[in-house]
Amino acid sequence: MQTRESCLQADGQDPLARLKSHFALPPGVIYLDGNSLGAMPRSAHARSARVIEQEWGVGLIRSWNSADWFELPSRLGNKLGRLIGAGDDEVVVTDTTSLNIFKSLAAALRIQRQAHPARRVIVSERDNFPTDLYMIQGMIDLLQQGYTLRLIDAPDGLEQAIDEDVAVLLLSHVNYRTGYMHDMAVTTAMAHRCDVLTIWDLAHSAGAVPVDLARAQADFAVGCTYKYLNGGPGAPAFIWVAARHRDRFWQPLSGWWGHSHPFDMAADYQPADGIRRYLCGTQPVVSMALVECGLDIALEADMSQVREKSLALTDLFISLVQARCHGHPLILITPRDHAIRGSHVSLRHPQGFAVMQALIARGVIGDYREPGVLRFGVTPLYLGYADIWDAVEILKDILDTGSWDRPAFHRRARVT
């Protein structure tokens, strides 16, 4: 695709193009930040109105039964499970990714203390998303049992880091900054050969790249719903636990929703069977209901077609930047190899923040990550080939003219 006309032709032949109409995208915007916050499904407005005006406004507390609010975490989990290679009653939508990391890490460490009591090392990537590392650090401080965090520069240092001292390996399937994607099955098998349990963070995977937790024989997985699953800002996260582990630990956040009979109002905690024990407190019904809007769109798509288009769009973005923005200090930090690339493209530039602000001012919305990284999320459900062409043309113009170098574009808000 060497011309915009050829991009438009590719859009006309795209089997996923019909799904763009399901999203409420503002005119004049090329949205390349779905890896931070997905676009709003058109159905979200009507769904929220129904929950607020009818289910809450009219049904009041009766809607816990009449609108089946109580089963939302499991019902949504079953839908989401189809996107990540999980079966029914293996996933619940609940809480935040950070809290679900805490739960799964606590569960994994408890299992390992029983099986391998001397193991006191947790392994993760130095370049993992910060909340993953912070939750590990907090767990270590809470337990006060000699645990340590071993950070590696993945993937090169991964195999050397896994030894008989390691209890748990916690990795992001797709790196939030670079877009590097681990081979989940190979990495999990390597960990299991050393009796190490795995926790996978799917925040930049679910809905964007094929995931098959069961086939990979993973142990635990967590992720959010507000990125490629388009669940809305701050939408609840999800947690998956392999069936072989689900009943082997006492839920560390033993709230009443994880009780086997919450409305018995018993004084003592008795965990529910299966995945529901990973629930904690009362669920945020309004935001949870909106998650279903994004899931229903995602389930309309063939995941193999989503992956094929994602790779084609990211290939196009990379090739156009190379061809049209050469001579500028842009460094590609996303892998070219399809086997290890997620669904976003990251470029380093010494003035990355200002360049991104200039792009946003021109209607090309990506985001910025330290140090100096321009990050462009590619969501095949609502992006086309001509969108990528136009975005690169605007990037080229901003770099060629130096229009990024204005005081307003260097001024930082609290959220970058």
Check: Stretched out fully, how many nm does the piece from THR282 to ASP302 gain, at 0.36 nm a residue minus the Cα gap?
Finding: 3.8 nm
Notebook entry, point to check: What angle do you read, to the nearest 10 degrees and between 0 and 90, between the alpha-carbon axis of helix 385-401 and the longest principal axis of the chain?
Noted result: 60
Margin query: If DNA, RNA and ligands are ignored and the probe is 1.4 Å, what is the ranking of MET288, MET40 by accessible area, most exposed first?
Written below: MET40, MET288
Next item on the list: Set the Förster distance to 56 Å, then compute FRET efficiency between ASP212 and ASP405 from the Cβ-Cβ distance, nearest 0.05.
Entry: 0.75
Next item on the list: Starting from the Cα of ARG150, step 7 Å along the direction of its Cβ; do the same at VAL58; then give the gap between the two resulting points in nm.
Entry: 6.0
Checklist line | Partners for LYS79 among aspartates and glutamates (Cα-Cα distance below 12 Å; same-chain residues under 8 apart left out) | finding: ASP88, ASP89, GLU90, GLU292, ASP296, GLU300
Check: Is the stretch 374-416 best put as rounded, prolate or oblate by its Cα gyration tensor, with a ≥ b ≥ c the root eigenvalues, rounded for a/c under 1.5, and otherwise prolate when a/b is larger than b/c, oblate when not?
Finding: oblate
Next item on the list: Divide the volume of the convex hull of the Cα atoms of the stretch 267-416 by its number of residues and quote the answer in cubic angstrom per residue.
Entry: 185
Next item on the list: Could you point to the residue in CYS293, SER260, THR282 farthest towards the positive end of the stretch 259-350's charge dipole, with +1 and -1 charges on the Cβ of Lys/Arg and Asp/Glu respectively?
Entry: CYS293
Item checked: Highest-fluctuation residue, ARG375, ARG406, ARG47 considered, GNM on the chain with Cα pairs under 10 Å -> ARG406
Check: Calculated FRET efficiency, ASP88 and HIS245, Cβ-Cβ r, R0 22 Å, to nearest 0.05?
Finding: 0.80
Note to self: Expected output is a single nm value to one decimal: the length gained when fully extending between HIS192 and GLN137, i.e. 0.36 nm times separation in residues minus the C-alpha distance. What is it?
What the structure shows: 17.5 nm
Margin query: I need the per residue convex hull volume for the stretch 216-314, using only the alpha carbons, in cubic angstrom as a whole number.
Written below: 134
Checklist line | the stretch 152-285, Rg to Rh (Cα coordinates; Rh as Kirkwood inverse mean 1/r) | finding: 1.02
Note to self: Using a Gaussian network model on the chain with a 10 Å cutoff between Cα atoms, which of VAL291, VAL29, VAL241 fluctuates the most?
What the structure shows: VAL29
Checklist line | Rounded tilt (10° steps) of 97-115 against the dominant C-alpha axis of the chain | finding: 50
Check: Any idea what the dipole of the chain comes to, in debye rounded to 20, about its Cα centre with Lys/Arg Cβ at +1 and Asp/Glu Cβ at -1?
Finding: 580
Next item on the list: State the dimensionless ratio Rg/Rh of the stretch 57-181 (Rg: radius of gyration of Cα atoms; Rh: Kirkwood radius).
Entry: 1.08
Check: Taking a 1.4 Å probe, which of TRP404, TRP256, TRP56, TRP200 shows the most accessible area, and what order do the others take after it?
Finding: TRP56, TRP256, TRP404, TRP200
Checklist line | Relative intensity, log₁₀ I(q)/I(0), of the chain from a Debye sum that treats every alpha carbon as a point, q = 0.08, 0.14 Å⁻¹ | finding: -0.46, -1.27
Next item on the list: Any chance you could give the angle, 0 to 90 degrees and rounded to 10, that helix 72-81 forms with the longest Cα principal axis of the chain?
Entry: 60
Next item on the list: Using a 10 angstrom cutoff on alpha carbons, build the Gaussian network for the chain and name the most mobile of ALA237, ALA391, ALA266.
Entry: ALA266
Checklist line | Given charges at Cβ of Lys, Arg, Asp, Glu: the chain dipole, positive-most of GLY28, THR178, GLY85 | finding: GLY28
Checklist line | Sorted peptide list for 168-180, 152-164, criterion being average Cβ within 10 angstrom, highest first | finding: 168-180, 152-164
Item checked: Distance cut-off 16 Å, percentage of C-alpha pairs in the stretch 1-71 lying past it -> 68
Notebook entry, point to check: Could you work out Rg/(2.2 N^0.38 Å) for the stretch 1-126, with Rg from alpha carbons only?
Noted result: 1.58
Item checked: Residue-averaged [θ]222 nm for the chain, counting only DSSP H segments that reach four residues, each worth -39500 (n - 2.57) -> -11000 deg cm²/dmol
Check: If you put +1 on each Lys and Arg Cβ and -1 on each Asp and Glu Cβ, how big is the dipole of the stretch 1-67 around its Cα centre, in Debye rounded to 20?
Finding: 220
Next item on the list: Among the GluC sites (Glu not before Pro) in the stretch 1-57, which ones are in a DSSP loop with at most 15 other Cβ atoms within 10 Å of the Cβ? Mind listing them?
Entry: none
Next item on the list: Report the FRET efficiency, 1/(1 + (r/R0)^6), for ASP165 and ALA323, where r is their Cβ-Cβ distance and R0 is 45 Å, rounded to 0.05.
Entry: 0.40
Next item on the list: Place a +1 charge on the Cβ of each Lys and Arg in the stretch 212-339 and a -1 charge on the Cβ of each Asp and Glu, then give the dipole magnitude about the Cα centre in debye, rounded to the nearest 20.
Entry: 360
Check: Per 10 Å bin from zero, what fraction in whole % of the C-alpha pairs of the stretch 264-351 is there, up to the bin with the longest pair?
Finding: 12, 25, 20, 21, 13, 7, 2
Check: Tell me, how many Å apart are the Cα centres for the stretch 17-46 and for the stretch 265-305?
Finding: 23
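The values are calculated or read from the model by the stated rules, or taken from the named source; none is laboratory data. Quantities reported herein were computed from a predicted structural model and do not represent experimental measurements. Cβ sites come from the backbone with ideal geometry, for glycine too, and all protein chains shown count toward neighbours. Note: accessible area is taken over every heavy atom of the protein model, side chains too, but ligands, DNA and RNA are not part of it. Shrake-Rupley method; radii C 1.70, N 1.55, O 1.52, S 1.80 Å.
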